[in-house]
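Here the structure is laid out as C-alpha coordinates; the discussion comes afterwards.
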2 protein chains.
Amino acid sequence: MEHRFENVLPEEIEKRSFEIITEELGDIQLDMEKAPIIKRVIHTSADFDYVHNLCFSDNVVQIALSAIKNGASILTDTKMASVGINAGKLGAYGGKVYCFISDQDVAQEAKEKGSTRAAVCMEKASTIPEPLIIAVGNAPTALIRLDQLIRSGQIKPVLVIGVPVGFVNVVQSKELIMLSGVPYIVARGRKGGSNVAAAICNALLYSL
Amino acid sequence: MEHRFENVLPEEIEKRSFEIITEELGDIQLDMEKAPIIKRVIHTSADFDYVHNLCFSDNVVQIALSAIKNGASILTDTKMASVGINAGKLGAYGGKVYCFISDQDVAQEAKEKGSTRAAVCMEKASTIPEPLIIAVGNAPTALIRLDQLIRSGQIKPVLVIGVPVGFVNVVQSKELIMLSGVPYIVARGRKGGSNVAAAICNALLYSL
(Lines give C-alpha, C1' and ligand atoms only; values in the text may rest on other atoms or scores of the structure.)
Protein backbone atom coordinates (compact mmCIF):
# COMPACT_ATOMS: atom_id res chain seq x y z
CA MET A 1 0.00 0.00 0.00
CA GLU A 2 1.36 3.38 -0.97
CA HIS A 3 1.02 6.40 1.25
CA ARG A 4 1.05 9.69 -0.55
CA PHE A 5 1.86 12.34 2.03
CA GLU A 6 1.18 15.99 1.45
CA ASN A 7 4.41 17.93 1.58
CA VAL A 8 3.53 20.70 4.02
CA LEU A 9 5.96 22.70 6.16
CA PRO A 10 5.33 22.37 9.93
CA GLU A 11 4.31 26.00 10.24
CA GLU A 12 1.88 25.60 7.33
CA ILE A 13 -0.01 22.52 8.60
CA GLU A 14 -2.69 24.47 10.44
CA LYS A 15 -3.21 26.87 7.53
CA ARG A 16 -3.54 23.95 5.10
CA SER A 17 -5.99 22.22 7.47
CA PHE A 18 -8.24 25.28 7.53
CA GLU A 19 -8.08 25.47 3.72
CA ILE A 20 -9.25 21.87 3.47
CA ILE A 21 -12.07 22.53 5.96
CA THR A 22 -13.15 25.59 3.95
CA GLU A 23 -13.05 23.58 0.70
CA GLU A 24 -15.13 20.78 2.19
CA LEU A 25 -17.70 23.19 3.59
CA GLY A 26 -18.38 23.92 -0.08
CA ASP A 27 -21.50 26.00 -0.51
CA ILE A 28 -22.19 26.31 3.22
CA GLN A 29 -21.91 29.99 4.04
CA LEU A 30 -20.76 30.69 7.59
CA ASP A 31 -21.31 33.95 9.40
CA MET A 32 -18.01 35.85 9.26
CA GLU A 33 -17.67 36.26 13.03
CA LYS A 34 -18.63 32.69 13.85
CA ALA A 35 -16.61 31.05 11.07
CA PRO A 36 -13.24 30.96 12.92
CA ILE A 37 -14.92 29.28 15.88
CA ILE A 38 -16.83 26.70 13.84
CA LYS A 39 -13.77 25.91 11.74
CA ARG A 40 -11.47 25.54 14.75
CA VAL A 41 -13.90 23.13 16.40
CA ILE A 42 -13.97 21.08 13.18
CA HIS A 43 -10.17 21.28 13.11
CA THR A 44 -9.94 19.84 16.62
CA SER A 45 -12.53 17.08 16.08
CA ALA A 46 -12.56 16.34 12.33
CA ASP A 47 -16.30 16.36 12.82
CA PHE A 48 -18.42 18.50 10.50
CA ASP A 49 -21.50 17.95 12.68
CA TYR A 50 -20.39 21.08 14.54
CA VAL A 51 -21.44 23.22 11.57
CA HIS A 52 -25.00 22.46 12.62
CA ASN A 53 -24.55 21.86 16.37
CA LEU A 54 -22.94 25.11 17.41
CA CYS A 55 -25.43 27.71 18.65
CA PHE A 56 -24.56 31.32 19.33
CA SER A 57 -26.54 33.94 21.23
CA ASP A 58 -26.87 37.39 19.67
CA ASN A 59 -23.57 39.27 19.33
CA VAL A 60 -21.81 36.71 21.51
CA VAL A 61 -18.55 36.87 19.56
CA GLN A 62 -18.30 40.64 19.94
CA ILE A 63 -19.20 40.35 23.63
CA ALA A 64 -16.52 37.70 24.17
CA LEU A 65 -13.78 39.51 22.29
CA SER A 66 -14.43 42.76 24.08
CA ALA A 67 -14.42 40.98 27.46
CA ILE A 68 -11.10 39.28 26.73
CA LYS A 69 -9.60 42.59 25.61
CA ASN A 70 -10.73 44.04 28.94
CA GLY A 71 -9.02 41.33 30.98
CA ALA A 72 -11.70 38.66 31.43
CA SER A 73 -10.51 35.31 32.77
CA ILE A 74 -11.63 31.83 31.69
CA LEU A 75 -12.76 29.13 34.10
CA THR A 76 -13.09 25.55 32.88
CA ASP A 77 -14.46 22.37 34.45
CA THR A 78 -11.56 20.10 33.43
CA LYS A 79 -7.79 20.13 33.61
CA MET A 80 -7.70 18.95 30.00
CA ALA A 81 -9.54 22.06 28.81
CA SER A 82 -7.52 24.34 31.07
CA VAL A 83 -4.16 23.17 29.68
CA GLY A 84 -5.54 23.34 26.13
CA ILE A 85 -6.33 27.05 26.33
CA ASN A 86 -3.60 29.40 25.16
CA ALA A 87 -2.91 30.99 28.55
CA GLY A 88 -0.13 33.16 27.11
CA LYS A 89 -2.50 34.85 24.64
CA LEU A 90 -5.13 35.32 27.33
CA GLY A 91 -2.53 36.60 29.80
CA ALA A 92 -1.43 39.26 27.32
CA TYR A 93 -4.80 40.93 27.93
CA GLY A 94 -4.65 40.34 31.69
CA GLY A 95 -6.86 37.25 31.98
CA LYS A 96 -6.06 33.97 33.71
CA VAL A 97 -7.16 30.36 33.22
CA TYR A 98 -8.83 28.84 36.28
CA CYS A 99 -9.77 25.23 37.02
CA PHE A 100 -10.84 24.14 40.50
CA ILE A 101 -11.76 20.52 39.74
CA SER A 102 -8.76 19.02 41.58
CA ASP A 103 -9.00 21.32 44.63
CA GLN A 104 -9.27 19.55 47.97
CA ASP A 105 -12.05 21.83 49.25
CA VAL A 106 -14.10 21.18 46.11
CA ALA A 107 -13.83 17.41 46.49
CA GLN A 108 -14.75 17.66 50.18
CA GLU A 109 -17.78 19.87 49.58
CA ALA A 110 -19.06 17.72 46.71
CA LYS A 111 -18.88 14.67 48.96
CA GLU A 112 -20.73 16.41 51.79
CA LYS A 113 -23.45 17.75 49.49
CA GLY A 114 -23.83 14.60 47.39
CA SER A 115 -23.06 16.84 44.44
CA THR A 116 -20.44 16.63 41.70
CA ARG A 117 -17.08 18.36 41.94
CA ALA A 118 -17.90 20.16 38.69
CA ALA A 119 -21.07 21.65 40.22
CA VAL A 120 -19.16 22.83 43.28
CA CYS A 121 -16.57 24.43 40.98
CA MET A 122 -19.32 26.69 39.63
CA GLU A 123 -20.03 27.90 43.17
CA LYS A 124 -16.35 28.57 43.71
CA ALA A 125 -16.32 30.48 40.42
CA SER A 126 -18.50 33.15 42.00
CA THR A 127 -15.52 34.12 44.21
CA ILE A 128 -13.50 35.26 41.19
CA PRO A 129 -13.62 39.05 41.10
CA GLU A 130 -12.83 39.79 37.45
CA PRO A 131 -15.21 39.27 34.48
CA LEU A 132 -15.42 35.58 33.73
CA ILE A 133 -15.95 33.33 30.73
CA ILE A 134 -17.09 29.91 31.93
CA ALA A 135 -16.24 27.02 29.61
CA VAL A 136 -17.85 23.68 30.46
CA GLY A 137 -16.43 20.80 28.40
CA ASN A 138 -17.32 17.81 30.48
CA ALA A 139 -19.98 17.96 33.17
CA PRO A 140 -23.65 18.73 32.52
CA THR A 141 -24.01 19.01 36.31
CA ALA A 142 -21.79 22.11 36.06
CA LEU A 143 -24.15 23.71 33.54
CA ILE A 144 -27.20 22.83 35.62
CA ARG A 145 -25.70 24.35 38.79
CA LEU A 146 -24.50 27.34 36.80
CA ASP A 147 -28.02 27.95 35.52
CA GLN A 148 -29.29 28.03 39.14
CA LEU A 149 -26.53 30.43 40.21
CA ILE A 150 -27.26 32.72 37.25
CA ARG A 151 -31.00 32.74 37.92
CA SER A 152 -30.49 33.51 41.63
CA GLY A 153 -28.09 36.32 40.76
CA GLN A 154 -25.11 34.73 42.50
CA ILE A 155 -22.97 34.72 39.39
CA LYS A 156 -23.03 36.65 36.16
CA PRO A 157 -20.58 35.26 33.65
CA VAL A 158 -19.71 37.34 30.60
CA LEU A 159 -20.35 34.28 28.50
CA VAL A 160 -20.94 30.57 28.94
CA ILE A 161 -19.30 28.10 26.58
CA GLY A 162 -21.53 25.07 27.11
CA VAL A 163 -20.07 22.04 25.40
CA PRO A 164 -20.24 19.11 27.81
CA VAL A 165 -20.22 15.72 26.12
CA GLY A 166 -22.18 12.61 26.92
CA PHE A 167 -25.34 10.73 27.52
CA VAL A 168 -26.85 11.67 30.88
CA ASN A 169 -28.57 15.07 31.04
CA VAL A 170 -26.12 16.58 28.56
CA VAL A 171 -28.67 17.54 25.91
CA GLN A 172 -31.05 18.97 28.54
CA SER A 173 -28.37 20.97 30.38
CA LYS A 174 -27.46 22.75 27.17
CA GLU A 175 -31.07 23.66 26.37
CA LEU A 176 -31.37 24.97 29.93
CA ILE A 177 -28.33 27.24 29.77
CA MET A 178 -29.49 28.69 26.44
CA LEU A 179 -32.60 29.93 28.27
CA SER A 180 -30.77 31.36 31.28
CA GLY A 181 -30.30 34.79 29.75
CA VAL A 182 -26.49 34.82 29.55
CA PRO A 183 -24.57 35.09 26.30
CA TYR A 184 -23.63 31.60 25.16
CA ILE A 185 -21.86 29.41 22.68
CA VAL A 186 -23.33 25.91 22.96
CA ALA A 187 -22.81 22.65 21.06
CA ARG A 188 -26.39 21.45 20.90
CA GLY A 189 -26.86 17.72 21.42
CA ARG A 190 -24.57 15.13 22.95
CA LYS A 191 -21.31 16.15 21.37
CA GLY A 192 -18.63 18.40 22.81
CA GLY A 193 -15.71 17.86 25.15
CA SER A 194 -12.71 19.48 26.76
CA ASN A 195 -11.00 19.69 23.40
CA VAL A 196 -14.01 21.52 21.96
CA ALA A 197 -14.16 23.89 24.94
CA ALA A 198 -10.47 24.72 24.54
CA ALA A 199 -10.83 25.12 20.77
CA ILE A 200 -13.64 27.67 21.16
CA CYS A 201 -11.61 29.66 23.70
CA ASN A 202 -8.58 29.61 21.43
CA ALA A 203 -10.60 30.58 18.37
CA LEU A 204 -11.76 33.66 20.28
CA LEU A 205 -8.20 34.46 21.37
CA TYR A 206 -6.82 34.03 17.84
CA SER A 207 -9.57 36.29 16.44
CA LEU A 208 -8.10 39.21 18.39
CA MET B 1 -39.87 24.20 26.90
CA GLU B 2 -39.68 21.55 29.55
CA HIS B 3 -36.47 19.80 30.44
CA ARG B 4 -36.86 16.36 31.86
CA PHE B 5 -33.66 15.50 33.62
CA GLU B 6 -32.70 11.96 34.50
CA ASN B 7 -32.34 11.62 38.24
CA VAL B 8 -28.92 9.97 38.53
CA LEU B 9 -26.58 10.10 41.51
CA PRO B 10 -23.18 11.65 40.76
CA GLU B 11 -21.36 8.37 41.30
CA GLU B 12 -23.80 6.61 38.96
CA ILE B 13 -23.49 8.98 35.97
CA GLU B 14 -20.68 7.10 34.28
CA LYS B 15 -22.34 3.72 34.82
CA ARG B 16 -25.62 5.03 33.36
CA SER B 17 -23.74 6.51 30.39
CA PHE B 18 -22.19 3.15 29.59
CA GLU B 19 -25.61 1.50 29.85
CA ILE B 20 -27.02 3.97 27.32
CA ILE B 21 -24.07 3.36 24.98
CA THR B 22 -24.60 -0.40 25.26
CA GLU B 23 -28.33 0.00 24.59
CA GLU B 24 -27.72 2.14 21.52
CA LEU B 25 -25.14 -0.26 20.15
CA GLY B 26 -28.10 -2.62 19.87
CA ASP B 27 -27.23 -5.69 17.88
CA ILE B 28 -23.62 -4.71 17.32
CA GLN B 29 -21.52 -7.35 19.05
CA LEU B 30 -18.20 -6.06 20.33
CA ASP B 31 -15.22 -8.23 21.13
CA MET B 32 -15.12 -8.62 24.92
CA GLU B 33 -11.58 -7.31 25.35
CA LYS B 34 -12.03 -4.38 23.00
CA ALA B 35 -15.50 -3.37 24.22
CA PRO B 36 -14.36 -1.29 27.24
CA ILE B 37 -12.02 0.69 24.98
CA ILE B 38 -14.57 1.29 22.22
CA LYS B 39 -17.26 2.26 24.74
CA ARG B 40 -14.99 4.64 26.63
CA VAL B 41 -14.03 6.40 23.41
CA ILE B 42 -17.73 6.78 22.55
CA HIS B 43 -18.30 8.03 26.12
CA THR B 44 -15.65 10.72 25.67
CA SER B 45 -16.79 11.83 22.21
CA ALA B 46 -20.49 10.90 21.94
CA ASP B 47 -19.48 9.68 18.52
CA PHE B 48 -20.48 6.17 17.48
CA ASP B 49 -18.21 6.35 14.42
CA TYR B 50 -15.52 4.91 16.67
CA VAL B 51 -17.27 1.54 16.63
CA HIS B 52 -16.05 1.24 13.06
CA ASN B 53 -12.92 3.45 13.16
CA LEU B 54 -10.99 1.76 15.93
CA CYS B 55 -8.49 -0.83 14.68
CA PHE B 56 -6.65 -3.25 16.95
CA SER B 57 -3.63 -5.39 16.17
CA ASP B 58 -3.70 -9.03 17.30
CA ASN B 59 -3.80 -9.50 21.07
CA VAL B 60 -3.04 -5.83 21.61
CA VAL B 61 -5.27 -5.50 24.69
CA GLN B 62 -3.53 -8.40 26.45
CA ILE B 63 -0.13 -7.00 25.45
CA ALA B 64 -1.05 -3.56 26.80
CA LEU B 65 -2.50 -4.81 30.09
CA SER B 66 0.46 -7.03 30.76
CA ALA B 67 2.88 -4.16 30.00
CA ILE B 68 1.06 -1.82 32.37
CA LYS B 69 1.07 -4.45 35.10
CA ASN B 70 4.82 -4.73 34.61
CA GLY B 71 5.40 -0.99 35.05
CA ALA B 72 5.22 0.40 31.51
CA SER B 73 4.99 4.19 31.21
CA ILE B 74 2.88 6.21 28.79
CA LEU B 75 4.23 9.01 26.63
CA THR B 76 1.81 11.39 24.89
CA ASP B 77 2.27 14.15 22.33
CA THR B 78 0.04 16.71 24.06
CA LYS B 79 -0.35 18.18 27.51
CA MET B 80 -4.11 17.72 27.17
CA ALA B 81 -3.75 13.96 26.78
CA SER B 82 -1.14 13.74 29.53
CA VAL B 83 -3.37 15.43 32.14
CA GLY B 84 -6.34 13.34 30.98
CA ILE B 85 -4.64 10.02 31.77
CA ASN B 86 -5.24 8.61 35.25
CA ALA B 87 -1.66 8.94 36.47
CA GLY B 88 -2.58 7.57 39.91
CA LYS B 89 -3.84 4.29 38.47
CA LEU B 90 -0.79 3.99 36.21
CA GLY B 91 1.53 4.89 39.08
CA ALA B 92 0.11 2.09 41.20
CA TYR B 93 1.81 -0.32 38.78
CA GLY B 94 5.00 1.75 38.63
CA GLY B 95 4.45 3.62 35.35
CA LYS B 96 4.67 7.35 34.72
CA VAL B 97 3.04 9.75 32.26
CA TYR B 98 5.51 11.63 30.06
CA CYS B 99 4.98 14.58 27.74
CA PHE B 100 7.91 16.50 26.28
CA ILE B 101 6.00 18.86 23.97
CA SER B 102 6.67 21.98 26.07
CA ASP B 103 10.34 21.21 26.75
CA GLN B 104 12.78 23.94 25.73
CA ASP B 105 15.24 21.51 24.10
CA VAL B 106 12.43 20.00 22.01
CA ALA B 107 11.32 23.41 20.73
CA GLN B 108 14.92 24.35 19.93
CA GLU B 109 15.67 21.13 18.06
CA ALA B 110 12.43 21.27 16.07
CA LYS B 111 13.31 24.79 14.96
CA GLU B 112 16.83 23.81 13.93
CA LYS B 113 15.66 20.73 12.01
CA GLY B 114 12.61 22.35 10.41
CA SER B 115 10.63 19.58 12.07
CA THR B 116 7.65 19.63 14.43
CA ARG B 117 8.01 19.53 18.19
CA ALA B 118 5.85 16.41 18.23
CA ALA B 119 8.28 14.60 15.91
CA VAL B 120 11.25 15.58 18.10
CA CYS B 121 9.33 14.29 21.14
CA MET B 122 9.37 10.83 19.58
CA GLU B 123 13.18 10.98 19.35
CA LYS B 124 13.36 12.03 22.98
CA ALA B 125 11.05 9.12 23.84
CA SER B 126 13.86 6.73 22.89
CA THR B 127 15.78 7.94 25.98
CA ILE B 128 13.13 6.51 28.35
CA PRO B 129 14.51 3.26 29.78
CA GLU B 130 11.31 1.48 30.85
CA PRO B 131 8.78 -0.19 28.51
CA LEU B 132 6.74 2.50 26.82
CA ILE B 133 3.22 2.95 25.46
CA ILE B 134 3.20 5.86 23.02
CA ALA B 135 -0.14 7.64 22.65
CA VAL B 136 -0.39 10.16 19.81
CA GLY B 137 -3.55 12.26 19.96
CA ASN B 138 -2.64 15.25 17.92
CA ALA B 139 0.28 15.22 15.52
CA PRO B 140 0.54 12.95 12.47
CA THR B 141 4.16 14.10 12.21
CA ALA B 142 4.76 12.27 15.50
CA LEU B 143 3.42 9.01 14.03
CA ILE B 144 5.46 9.45 10.85
CA ARG B 145 8.69 10.04 12.80
CA LEU B 146 7.83 7.19 15.14
CA ASP B 147 7.42 4.85 12.19
CA GLN B 148 10.94 5.77 11.01
CA LEU B 149 12.41 5.24 14.49
CA ILE B 150 10.69 1.87 14.78
CA ARG B 151 11.87 0.70 11.38
CA SER B 152 15.46 1.75 12.08
CA GLY B 153 15.38 -0.03 15.43
CA GLN B 154 15.92 3.13 17.49
CA ILE B 155 12.74 2.67 19.49
CA LYS B 156 10.53 -0.28 20.27
CA PRO B 157 7.32 0.79 21.99
CA VAL B 158 5.18 -1.86 23.66
CA LEU B 159 2.20 -0.41 21.86
CA VAL B 160 1.30 2.65 19.81
CA ILE B 161 -2.04 4.37 20.33
CA GLY B 162 -2.35 6.26 17.06
CA VAL B 163 -5.28 8.64 17.19
CA PRO B 164 -4.15 12.01 15.82
CA VAL B 165 -6.98 14.13 14.47
CA GLY B 166 -7.13 16.32 11.42
CA PHE B 167 -6.80 16.91 7.76
CA VAL B 168 -3.15 16.94 6.71
CA ASN B 169 -1.44 13.53 6.53
CA VAL B 170 -3.51 12.19 9.42
CA VAL B 171 -5.18 9.36 7.51
CA GLN B 172 -1.89 8.34 5.88
CA SER B 173 0.14 8.43 9.10
CA LYS B 174 -2.27 5.99 10.71
CA GLU B 175 -2.09 3.54 7.80
CA LEU B 176 1.69 3.79 7.99
CA ILE B 177 1.94 2.98 11.70
CA MET B 178 -0.38 -0.01 11.28
CA LEU B 179 2.23 -1.47 8.91
CA SER B 180 5.24 -0.76 11.13
CA GLY B 181 5.05 -4.07 12.95
CA VAL B 182 4.31 -2.75 16.47
CA PRO B 183 1.15 -3.56 18.38
CA TYR B 184 -1.35 -0.75 17.83
CA ILE B 185 -4.72 0.74 18.60
CA VAL B 186 -5.56 3.21 15.82
CA ALA B 187 -8.59 5.34 14.99
CA ARG B 188 -8.65 4.93 11.24
CA GLY B 189 -9.51 8.06 9.29
CA ARG B 190 -9.43 11.70 10.30
CA LYS B 191 -10.97 11.45 13.72
CA GLY B 192 -9.22 11.17 17.06
CA GLY B 193 -7.73 13.67 19.46
CA SER B 194 -6.10 14.10 22.84
CA ASN B 195 -9.37 13.19 24.55
CA VAL B 196 -9.55 9.95 22.57
CA ALA B 197 -5.90 9.13 23.36
CA ALA B 198 -6.52 9.67 27.08
CA ALA B 199 -9.76 7.67 26.96
CA ILE B 200 -8.01 4.66 25.42
CA CYS B 201 -5.25 4.78 28.04
CA ASN B 202 -7.82 5.06 30.83
CA ALA B 203 -9.94 2.22 29.42
CA LEU B 204 -6.86 0.01 29.58
CA LEU B 205 -6.11 1.13 33.14
CA TYR B 206 -9.69 0.57 34.29
CA SER B 207 -9.70 -2.92 32.72
CA LEU B 208 -7.04 -4.01 35.23
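Going by the structure shown, is B:Tyr93 open to solvent by 40 Å² or more (accessible area, probe 1.4 Å), more than 14 Å from chain A (Cβ to nearest Cβ) and closer than 25 Å to A:Asn86 by Cα? So that I can check it myself, show each step before the final result.
Values: open to solvent by 40 Å² or more (accessible area, probe 1.4 Å): yes; more than 14 Å from chain A (Cβ to nearest Cβ): yes; closer than 25 Å to A:Asn86 by Cα: no.
No.
Please specify each residue of segment A:44-58 satisfying the condition of being open to solvent by less than 40 Å² (accessible area, probe 1.4 Å) and either facing chain B (nearest Cβ under 10 Å) or in a loop (DSSP other than H, G, I, E, B) (or both). Full working, then the answer.
Going residue by residue through segment A:44-58, those that are open to solvent by less than 40 Å² (accessible area, probe 1.4 Å) are A:44-47, A:50-51, A:53-57.
Correct list: A:Thr44, A:Ser45, A:Ala46, A:Asp47, A:Ser57.
For segment A:8-27, indicate whether the set of residues that are in a helix (DSSP H, G or I), out of contact with any strand residue (DSSP E or B) (no Cβ under 6 Å at 6 or more places or on another chain), open to solvent by 40 Å² or more (accessible area, probe 1.4 Å) and closer than 26 Å to A:Lys96 by Cβ is non-empty.
Yes, the conditions are met somewhere in segment A:8-27.
I'm trying to understand the selection: among the residues of segment A:160-182, which are of a type in the set (A, V, I, L, M), under 19 Å from A:Asn195 (Cβ atoms) and touching a strand residue (DSSP E or B) at 6+ places or on another chain (Cβ under 7 Å)?
Passing the criteria: A:Val160, A:Ile161, A:Val163.
Tally the residues that are open to solvent by 10 Å² or more (accessible area, probe 1.4 Å) and in contact (Cβ under 8 Å) with a residue 60 or more places away in the chain, restricting the search to segment A:158-181.
We begin by selecting, within segment A:158-181, every residue open to solvent by 10 Å² or more (accessible area, probe 1.4 Å); these are A:158, A:165, A:167, A:169, A:171-172, A:175-176, A:178-181.
Cutting the leftovers down to in contact (Cβ under 8 Å) with a residue 60 or more places away in the chain gives us A:158, A:178.
Number of matching residues: 2.
Yes/no per residue for (1) over 23 Å from B:Tyr184 (Cα atoms); (2) among the polar types (S, T, N, Q):
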position	(1), (2)
B:Asn7	yes, yes
B:Pro36	no, no
B:Asn59	no, yes
B:Ala64	no, no
B:Leu75	no, no
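Count, please, the residues in segment B:84-99 that happen to be touching a residue at least 40 places away in the same chain (Cβ under 8 Å) and within 19 Å of B:Gly193 (Cβ to Cβ).
Quick first cut of segment B:84-99, residues touching a residue at least 40 places away in the same chain (Cβ under 8 Å) only: B:84-86, B:89-90, B:93.
Filter once more, keeping what is within 19 Å of B:Gly193 (Cβ to Cβ): B:84-86.
Total meeting the criteria: 3.
Given the conditions (1) closer than 12 Å to B:Ile200 by Cα; (2) among the aliphatic types (A, V, I, L, M); (3) part of a loop (DSSP other than H, G, I, E, B), report the number of the one that B:Ile38 does not fulfil.
(3)
Please count how many residues of segment B:96-117 are under 15 Å from the mean Cα position of the chain (by Cα) and within 12 Å of chain A (Cβ to nearest Cβ).
Residues meeting the conditions: 1.
With respect to B:Gly137, is the statement that it is open to solvent by less than 20 Å² (accessible area, probe 1.4 Å), under 22 Å from B:Tyr93 (Cβ atoms), within 14 Å of another protein chain (Cβ to nearest Cβ) and touching a Pro at 6+ places or on another chain (Cβ under 8 Å) true?
Working: open to solvent by less than 20 Å² (accessible area, probe 1.4 Å): yes; under 22 Å from B:Tyr93 (Cβ atoms): yes; within 14 Å of another protein chain (Cβ to nearest Cβ): yes; touching a Pro at 6+ places or on another chain (Cβ under 8 Å): yes.
Answer is yes for this residue.
When you look at B:Ser102, is it open to solvent by 50 Å² or more (accessible area, probe 1.4 Å), within 19 Å of A:Met80 (Cβ to Cβ) and touching a residue at least 12 places away in the same chain (Cβ under 8 Å), yes or no?
On the way: open to solvent by 50 Å² or more (accessible area, probe 1.4 Å): yes; within 19 Å of A:Met80 (Cβ to Cβ): yes; touching a residue at least 12 places away in the same chain (Cβ under 8 Å): yes.
Yes; evaluated as a whole, the condition is true for this residue.
With the checklist (1) in a helix (DSSP H, G or I); (2) out of contact with any Phe, Trp or Tyr (no Cβ under 9 Å at 6 or more places or on another chain); (3) away from every other protein chain (no Cβ under 14 Å) in hand, flag the one item B:Gly88 doesn't pass.
Of (1) in a helix (DSSP H, G or I); (2) out of contact with any Phe, Trp or Tyr (no Cβ under 9 Å at 6 or more places or on another chain); (3) away from every other protein chain (no Cβ under 14 Å), only one is false for B:Gly88: (3).
Is it true that some residue in segment A:108-120 is buried (at least 22 other Cβ atoms within 10 Å of the Cβ), at pLDDT below 95 and outside any helix (DSSP H, G or I)?
There is at least one residue in segment A:108-120 that is buried (at least 22 other Cβ atoms within 10 Å of the Cβ), at pLDDT below 95 and outside any helix (DSSP H, G or I).
Of all residues in segment A:182-208, which are open to solvent by 10 Å² or more (accessible area, probe 1.4 Å), assigned to a loop (DSSP other than H, G, I, E, B) and not basic (Lys, Arg)?
Keep residues of segment A:182-208 that are open to solvent by 10 Å² or more (accessible area, probe 1.4 Å), which gives A:182-184, A:188-191, A:194-195, A:202, A:206-208.
In the following step, the residues that additionally are assigned to a loop (DSSP other than H, G, I, E, B) were identified as A:182-183, A:188-191, A:208.
Hits for segment A:182-208 are A:Val182, A:Pro183, A:Gly189, A:Leu208.
Do you know which residues across segment B:153-181 are more than 9 Å from every other protein chain (Cβ to nearest Cβ), of a type in the set (D, E, K, R) and assigned to a helix (DSSP H, G or I)?
B:Lys174, the sole residue that qualifies.
Only one of A:Glu130, A:Glu123 is more than 8 Å from chain B (Cβ to nearest Cβ), in a helix (DSSP H, G or I), out of contact with any Pro (no Cβ under 8 Å at 6 or more places or on another chain) and farther than 27 Å from B:Gly166 by Cα; which? It would help to see each step written out before you state the result.
On the way: A:Glu130 fails: in a helix (DSSP H, G or I).
Answer to the check: A:Glu123.
The values are calculated or read from the model by the stated rules, or taken from the named source; none is laboratory data. These numbers come from a predicted model, not from an experiment. Positions of Cβ are backbone-derived with ideal geometry, glycine not excepted, and every protein chain shown enters the neighbour counts. These accessible areas exclude ligands, DNA and RNA; they are computed on the full protein's heavy atoms, side chains included. Shrake-Rupley method; radii C 1.70, N 1.55, O 1.52, S 1.80 Å.
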